[in-house]
1. With respect to the numbered conditions (1) farther than 20 Å from residue 283 by Cβ; (2) in a helix (DSSP H, G or I), which one is the sole condition not fulfilled by residue 54?
2. Every residue in region 109-140 that is hydroxyl-bearing (Ser, Thr, Tyr), modelled with pLDDT of 75 or more and closer than 22 Å to residue 65 by Cα, please.
3. For region 179-212, which residues satisfy the criterion of being surrounded by fewer than 17 Cβ atoms within 10 Å (Cβ to Cβ) and not in a helix (DSSP H, G or I)?
4. Could you please find all residues in region 59-93 being out of contact with any Gly (no Cβ under 9 Å at 6 or more places or on another chain) and buried (at least 21 other Cβ atoms within 10 Å of the Cβ)?
5. How many of the residues in region 232-283 are open to solvent by 70 Å² or more (accessible area, probe 1.4 Å), in a helix (DSSP H, G or I) and more than 29 Å from residue 39 (Cα to Cα)?
6. When region 96-121 is examined, which residues are found to be surrounded by 24 or more Cβ atoms within 10 Å (Cβ to Cβ) and among the β-branched types (Val, Ile, Thr)?
7. Looking at region 244-283 only, could you name the residues that are among the basic types (Lys, Arg) and modelled with pLDDT of 90 or more?
8. Taking the condition touching a Lys or Arg at 6+ places or on another chain (Cβ under 8 Å), within 30 Å of residue 160 (Cα to Cα) and either assigned to a helix (DSSP H, G or I) or not acidic (Asp, Glu) (or both), does residue 293 pass?
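The values are calculated or read from the model by the stated rules, or taken from the named source; none is laboratory data. What you are looking at is a predicted structure, and each value in this text was computed from that prediction instead of being measured. For neighbour counting, all protein chains shown are included, and Cβ atoms are generated from backbone atoms with ideal geometry for every residue, glycine included. Surface areas here come from the heavy atoms of the whole protein model, side chains and all, with no ligands, DNA or RNA. Shrake-Rupley method; radii C 1.70, N 1.55, O 1.52, S 1.80 Å.
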Amino acid sequence: MTGGVGPARPPGPTSTSSPGPAPDAAGLGAGLACALAAGLAWGLVFVAPVMLPDYPAAVLSVGRYLAFGLIALALAWPAREALARLTRADWVEAARLSLVGNLVYYACLAAAIQTAGVPLPTMLIGTLPVVIAVVSNLSERTLPWRRLAPSLATIAAGIVLVNQAELARLRETEPDAGPRLALGALLALGAVACWTWYPIRNARWMQRNPGSSSATWATAQGLTTLPLALAGALALAAWHAASPLADASGRPFEMPLGPRPLEFVLLMAAIGLAASWLGTLLWNRASRLLPTSLAGQLIVFETLAALAYGFLWRGAPPSGGAVAGIALLVAGVAVGVRTFQRGPLESAH
């Protein structure tokens, strides 16, 4: 496993236009449950930056994925035989997915949240269900656009409503926050780009490799994340030595564990296990069971969980407009699931 080369495996299809699985009722239900559980786990990462506001975003990203990598290292020995069957190309793919979908994505997201607060970046990330579904359907053509449009339009309307409600609240409470919100939005859009690429690429690997389990692929991504996170930690240490890091308020940061080391370590371990390893495992399973254009829509569960956690942390209920937007998000998921229950073949008529 050290060289990342396993026994030769017959190559799977390499076309990027594979339509993915056509789910039966049992597969649809299981995929839906896995996507929901993954969303609940991933929602935790949206509140971590506001729970530790005195930690720079890069430190949070490196800390989370160091924890993920160490957890994967502990799980690698029991899974050593399955991991040894992965080829060099598989390990290279796992490293790409880890770099873009883990480190770069979360660094952008954490910076966006610390810059603009939880709701605005959350709702920009909330466009992912629409963006991923559109991008994946452009290549897969799982459904005709006329069948996919109602669920996407409903989700998009929900996103607009919640964004309007949150922006109105911010204009009232922070009238001079325009530049900060613009920077936060730009960082969040970088995260959107990373996580549009990641699930589509990850789903294609899962569908081409039915012999590899979801847990094995989650552990492989964790193992490839560890050296990347270690390199990131070394780079941060070097940067800090040359130009000391500061938190979001401009205060000097104390490397390596910051002003609250116990809280930092425990929180990074919690999200490393729940959001990174378990969330990846569950999403891998959903990606295998569902067409990517449906799975993409189900990322809305992450948005809903993040909103719920964010409002709970804020200690204030959502506005009426936000509630209406959330209701549309839920309705959009229901419409999307119903569309795929009827099946891709039927939808073509």
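1. Result: residue 54 fails condition (2) only.
2. 115, the sole residue that qualifies.
3. Matches in region 179-212: 210, 211.
4. 60, 93
5. Residues in region 232-283 being open to solvent by 70 Å² or more (accessible area, probe 1.4 Å), in a helix (DSSP H, G or I) and more than 29 Å from residue 39 (Cα to Cα): 4 in total.
6. Scanning region 96-121 gives a single hit, 113.
7. 260
8. no
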